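Peer 1: There's a structure below that I have some questions on.
The values are calculated or read from the model by the stated rules, or taken from the named source; none is laboratory data. None of these values were measured; they are calculated from a predicted model. Glycine gets a Cβ as well: all are built from the backbone with ideal geometry, and neighbour counts include every protein chain shown. These area figures cover heavy atoms from the full protein model, side chains too; ligands, DNA and RNA do not enter into them. Shrake-Rupley method; radii C 1.70, N 1.55, O 1.52, S 1.80 Å.
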Amino acid sequence: MYSLIQKLATTHSLMVDEYEFLVANRNDDSAKLLRNYAVKVRREIYGQDVFVRGLIEISSFCRNDCLYCGLRRSNSHCERYRLTPDEIIACSDEGYELGFRTFVLQGGEDSYFTDDVLGGIVRAIKARHSDCAVTLSMGERSRESYEFLRVCGADRYLLRHETASPEHYAKLHPPEMSYDNRMKCLHELRELGYAVGCGFMVGSPYQTVKDIARDLKFIEEFRPEMCGIGPFIPHKDTPFHDYPSGTLELTCYLLSVIRLIYPPVLLPATTALGTINPVGREMGIMSGANVVMPNLSPVGVRKKYALYDNKICTGEESAQCRECLNNRMRKIGYEIVTSRGDMKRAV
Ligand code: SAH
């Protein structure tokens, strides 16, 4: 175990079987060692800075039926909403005042957001805030669509791969969705010059240690600019309502491993991590994460964007969310900075 961790910290690469061993045989000592290496390498690149992204949840309509997600089309209890272009732009204005320099527009796959509509919103935000990055997280679209949105000014795209095992992918998604298309989208986004984010849920139903090892190998090979991992949390109105949540312990362990696989990667301590534990996001940062993504959505819609149960930060105003995270980060010796927070390439 000790020599595997040394190997990872120095070569940033392991074989799939070695990743599997690292996860299957983890203990407090290996977690501590990985965490220490991860924090050290992150400090060398990013100091004590934590980057912040303003998350705007633009629609809860979705044409997909992912088995884990509360927004799935089969969920008749989900309250559907979509923000108007003006509302989305107003969120970015408010966020700008609060010091955000990256806006993430996320939503279900809602046919209302055609290329023209979404592209118009991206253009408007970039025109008003030219020093900001716009990140999209709107699911699978055509290459032409990604290309058009890139031309409109979108800088980054988050599309979690969800699992790097085709068999596992099929257990989390309906038959009409495919692992191959998900991967194709990720490669197209990269070719089009986006900064790309992949990622997966920790502890999703049917996930094995081997699956996680494959996820890690995929991340090693794909070298995403961003990687979103957070615990799976059941949603009461989905087929997976009775499955347990992923754990804080394993999520933090994997955050450390991913930091060592690709030291400059932008790695968020996710809202899901803050949902399963009151200090989950702090633990994530202390394990190697360097990004937080507070909610900038209008308070009135936050509860409706329910990917999973008991999501935090659904009652506060954006300014309160920002203030709360500033304090949380300061308490553990980190500082949220006002910057676009691009990945630093030179290590
Ligand atoms: N429609 C977009 C955005 C999906 S929501 C897309 O397809 O990319 C963003 C992420 O939330 C998903 O990629 C998934 O990994 C995560 N998510 C969905 N349901 C979840 C749940 N029950 N628990 C934890 N994370 C979940």
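Peer 1: Amide H of ALA133 versus every other amide H placed in the peptide plane: which residues, excluding those fewer than 5 positions away on the same chain, fall under 5 Å?
Peer 2: The answer is THR102, PHE103.
Peer 1: Can you work out the FRET efficiency for the pair ASP29 and HIS77, with r the C-beta to C-beta distance and R0 = 56 Å, to the nearest 0.05?
Peer 2: 0.80
Peer 1: Next up: ARG128 versus ASP180, label points 7 Å from Cα toward the beta carbon: distance in nm?
Peer 2: If labels sit at ARG128 and ASP180, their model points lie 4.3 nm apart.
Peer 1: Computed over the Cα atoms, what is the radius of gyration of segment 135-231 divided by 2.2 N^0.38 Å, N being its residue count?
Peer 2: Against the empirical 2.2 N^0.38 Å value, I get 1.06 for segment 135-231.
Peer 1: Give me the aspartates and glutamates in straight-line cross-link reach of LYS40: C-alpha distance below 17 Å, same-chain residues under 8 apart excluded.
Peer 2: Within reach: ASP29, ASP49, GLU282, GLU335.
Peer 1: Can you tell me the Rg and the Dmax, both Å, for the Cα atoms in segment 37-149?
Peer 2: 16.4, 49
Peer 1: In the structure shown, do any of LYS210/LYS303; LYS32/LYS331; LYS171/LYS210; LYS126/LYS184; LYS7/LYS217; LYS311/LYS344 have a Cα-Cα gap over 23 Å, and if so which?
Peer 2: Distance filter (> 23 Å) returns LYS210/LYS303; LYS126/LYS184; LYS311/LYS344.
Peer 1: Report the gain in length on full extension from ALA90 to HIS12: 0.36 nm times residue separation, minus Cα-Cα distance, nm rounded to one decimal.
Peer 2: Here the segment from ALA90 to HIS12 would lengthen by 23.9 nm.
Peer 1: Give the carbon-plus-sulfur fraction of the accessible surface of the chain in %, rounded to a whole number; probe 1.4 Å, heavy atoms of protein chains only.
Peer 2: 52
Peer 1: Something else about it: Which percent of Cα-Cα pairs in the chain sits in each 20 Å bin, short to long?
Peer 2: Pair shares across the bins are 32, 62, 6.
Peer 1: By its C-alpha gyration tensor, with a ≥ b ≥ c as the square roots of the eigenvalues, how is segment 242-295 shaped: rounded for a/c under 1.5, else prolate for a/b larger than b/c, else oblate?
Peer 2: Cα axes put segment 242-295 in the oblate bin.
Peer 1: For SER3 and ASP115, compute 0.36 nm times the residue count separating them, minus their Cα-Cα distance, and round to one decimal in nm.
Peer 2: 35.3 nm
Peer 1: Can you run phi through the Karplus equation (6.51, -1.76, 1.60; θ = phi - 60°) for segment 228-235 and list ³J(HN,Hα) in whole Hz, with x for Gly and Pro?
Peer 2: Per residue, the Karplus-derived 3J(HN,Hα) values read x, 10, x, x, 5, 10, x, 10 Hz.
Peer 1: Kirkwood hydrodynamic radius of segment 230-330 from all distinct Cα pairs, in Å?
Peer 2: Result for segment 230-330, one decimal place: 14.3 Å.
Peer 1: Wrap a convex hull around the Cα atoms of segment 182-279, take a quarter of its surface area, and give that in square nanometres.
Peer 2: 7.0
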